[in-house]
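Heads up: the structure comes next, in structure tokens.
The values are calculated or read from the model by the stated rules, or taken from the named source; none is laboratory data. Keep in mind that what you see is a predicted model, and the values were worked out from it rather than measured. Heads up, the Cβs are rebuilt from the backbone with ideal geometry, glycines too, and the neighbour counts pull from every protein chain shown. Just the protein is used for accessible areas: all its heavy atoms, side chains included, with ligands, DNA and RNA removed. Shrake-Rupley method; radii C 1.70, N 1.55, O 1.52, S 1.80 Å.
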Amino acid sequence: MEFHELYSEVILEHNQNKENKRPLAQATHQEHGHNPSCGDDLTVSARVVDGRIEDLAYEGVGCAISQASASMMADLLRGKSVEEALALTERFLGMIRREEIPEQKLEELGDAYLLKNIQNIPARVKCAVLAWHALHEILEKEAARPYPRAIEKPFPDG
Ligand SMILES: [Zn+2]
């Protein structure tokens, strides 16, 4: 199969994926993303428990690229620790920004790796990164928060 055929097929599959596009029960985080240049409007919801993404989904409207990218992200990061998810999210955003990242590291992005060439279509870059930016906000907030079990201070204040 040619790359562009595989690409179209995977984009289509992700657009029909209802496992990733749905309301999320007991979400702990929600972040909205809007891309006025295309009209994409997504909300990413995550349920983070004990430093792990128990569940991840998105809702909203937008073009095929923005929807497929959000779905690829949910597939890749559901079940990952906040730390792993943050690293993979930054790797994806780095790929789109044309940072030098070893091929092998990019392959770990799963289907999202197929969006690599979107960097050559400036008008679609914002579509591809929309959901990932929203999730990045969520993960940064979560990463900055100490785990409940890590709050033991050896010496009480005062
Ligand atoms: Zn778009």
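Listing for the model above:
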| quantity | calculated |
| --- | --- |
| Residue list for segment 38-61, restricted to those being touching a helix residue (DSSP H, G or I) at 6+ places or on another chain (Cβ under 6 Å) and among the polar types (S, T, N, Q) | none |
| Per-region count, segment 25-39, residues within 15 Å of the chain's Cα centre (by Cα) and either of a type outside the set (D, E, K, R) or more than 21 Å from residue 82 (Cβ to Cβ) (or both) | 5 |
| Count of segment 1-40 residues which are part of a helix (DSSP H, G or I) and within 21 Å of residue 76 (Cα to Cα) | 11 |
| Residues satisfying the stated conditions in segment 17-60, i.e. surrounded by 15 or more Cβ atoms within 10 Å (Cβ to Cβ) and among the aliphatic types (A, V, I, L, M) | 24, 27, 42, 44, 46, 48, 53, 56, 57 |
| Residues being within 10 Å of the ligand (Cβ to nearest atom) and either open to solvent by less than 20 Å² (accessible area, probe 1.4 Å) or touching a strand residue (DSSP E or B) at 6+ places or on another chain (Cβ under 8 Å) (or both) - total across segment 117-131 | 4 |
| Filtered residue count, segment 61-83, keeping only those that are open to solvent by 10 Å² or more (accessible area, probe 1.4 Å), closer than 14 Å to residue 20 by Cα and more than 11 Å from the ligand (Cβ to nearest atom) | 4 |
| Subset of segment 99-119 (residues that are within 20 Å of residue 143 (Cβ to Cβ) and touching a residue at least 24 places away in the same chain (Cβ under 8 Å)) | 109 |
| Meets criteria (touching a helix residue (DSSP H, G or I) at 6+ places or on another chain (Cβ under 6 Å), without any contact (Cβ under 8 Å) to a residue 40 or more places away in the chain, within 14 Å of the ligand (Cβ to nearest atom) and more than 18 Å from residue 24 (Cα to Cα)) for residue 96 | yes |
| Residue in segment 99-113 that is nearest to residue 10 (Cα to Cα), counting only those that are open to solvent by 20 Å² or more (accessible area, probe 1.4 Å) and in contact with a helix residue (DSSP H, G or I) (Cβ under 8 Å, 6 or more places away or on another chain) | 111 |
| Single unsatisfied condition, residue 48 versus (1) part of a strand (DSSP E or B); (2) within 16 Å of the ligand (Cβ to nearest atom) | (2) |
